[in-house]
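The values are calculated or read from the model by the stated rules, or taken from the named source; none is laboratory data. All of these numbers come straight from a predicted model, not from anything done at the bench. Here Cβ is always computed from backbone atoms with ideal geometry, including for glycine, and neighbour counts include all displayed protein chains.
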């Protein structure tokens, strides 16, 4: 393949890119487990390896189907039947040799949840065993985030996290999220009570509101601080905002979370309660929120912040379709403050006085908008 000009992809797998089209070609192979984790394999490729041999090393039966040169399906492990029956089933006992497969099954479960696919009980048993015997611990951070990011960008991402929790992997990979389950919240504000359930509902709403990975990640992590609330304070969660921000920073140090996701997650964790209390805030406090979220320099991220807060407000039992007037107030206050002519003010002042004058005018604009704002609900 190399002699023919193909470019090898990485050094671990016999996968090559066509020199002209860029199409991906994977050689039929067998493999032998040599060490823990994703990279602990030794591969064997030669013309004697059959397609059936190769398919026997795949993760799920629905991924172990090929087509021969005459167009006939090669389906030695019943993948076609499992597609018909909507079952995600492992191909063989070799499934347990690669911990990434736990993440992939969870992601497939989310991707195809709307079609009625379920994980075979025997496959879930293997996944639980892999979590219990420490194989999950060998997952490299890059693969954990890659699969998680793909799940968040897809449909029904809550199923991904619920599947990881069911097999015991969530507590290993995302302990900050796992400990939210079973943590109570005040029924007055959270009819669903359980914080973990609330976060799953917020993920549902984030998918409805935005296709952005940043918004969906922020939805996942916005309440992490509630998992560290002292028992004597429950079901209230005083100070969970700042505690959550710290946990997000640690999570982003452990996994290669994109900076944009980390930064939005931290902002939502710290300021989502400000957004929920928007009608109680003075104009000066609203302006401080705009400044703290860097809305004037990064308006797109501020809009993402509002969407994540709206997902949080709607991610509650019985409130999924409620109109969230608070984002209208903050959105309008930002538009009013942005309308201040900073260039004209700068022409009339010097030095520090410029910034002070701009802020004064923005505050006046926010006060005027707030005084005239009428909620729609």
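Numbers at a glance
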read-out: Lone unmet requirement of (1) within 25 Å of residue 83 (Cα to Cα); (2) in a loop (DSSP other than H, G, I, E, B) for residue 187; value: (1)
read-out: Those residues of segment 345-355 which are surrounded by 12 or more Cβ atoms within 10 Å (Cβ to Cβ) and out of contact with any helix residue (DSSP H, G or I) (no Cβ under 8 Å at 6 or more places or on another chain), in sequence order; value: 353, 355
read-out: Top-ranked residue in segment 251-261 [being surrounded by 20 or more Cβ atoms within 10 Å (Cβ to Cβ) and free of Cβ contacts under 8 Å to residues at least 60 places away in the same chain; ranked as nearest to the chain's Cα centre (by Cα)]; value: 261
read-out: Residue match in segment 15-33 (condition: under 29 Å from the mean Cα position of the chain (by Cα), at pLDDT below 90, in a strand (DSSP E or B) and under 27 Å from residue 150 (Cα atoms)); value: yes
read-out: Residue match in segment 278-300 (condition: within 21 Å of residue 195 (Cβ to Cβ) and either part of a helix (DSSP H, G or I) or under 21 Å from the mean Cα position of the chain (by Cα) (or both)); value: no
read-out: Unique residue being touching a residue at least 40 places away in the same chain (Cβ under 8 Å) and over 25 Å from residue 253 (Cα atoms) when the list is 158, 111, 104; value: 111
read-out: Total residues in segment 164-184, condition under 19 Å from residue 206 (Cα atoms) and either modelled with pLDDT under 95 or assigned to a helix (DSSP H, G or I) (or both); value: 1
read-out: Enumeration of residues in segment 186-219 that are within 21 Å of residue 235 (Cα to Cα), touching a helix residue (DSSP H, G or I) at 6+ places or on another chain (Cβ under 6 Å) and surrounded by 22 or more Cβ atoms within 10 Å (Cβ to Cβ); value: 195, 200, 202, 219
read-out: Of all residues making up segment 34-54, the number that are under 35 Å from the mean Cα position of the chain (by Cα) and at pLDDT below 80; value: 10
read-out: Residue tally, condition assigned to a helix (DSSP H, G or I), modelled with pLDDT under 95 and in contact with a helix residue (DSSP H, G or I) (Cβ under 8 Å, 6 or more places away or on another chain), over segment 127-142; value: 3
read-out: Residue under evaluation residue 6, criteria (1) over 33 Å from the mean Cα position of the chain (by Cα); (2) at pLDDT below 90, criterion not met; value: (2)
read-out: Close pairs from segment 80-100: first on the phi < 0 side of the Ramachandran plot and surrounded by fewer than 18 Cβ atoms within 10 Å (Cβ to Cβ), partner in a strand (DSSP E or B) and at pLDDT 95 or above, Cβ under 8 Å, at least 6 apart; value: 80/73
read-out: 2 or more residues touching a residue at least 60 places away in the same chain (Cβ under 8 Å): qualifying helices (runs of 4 or more DSSP H) within segment 324-377; value: 352-372
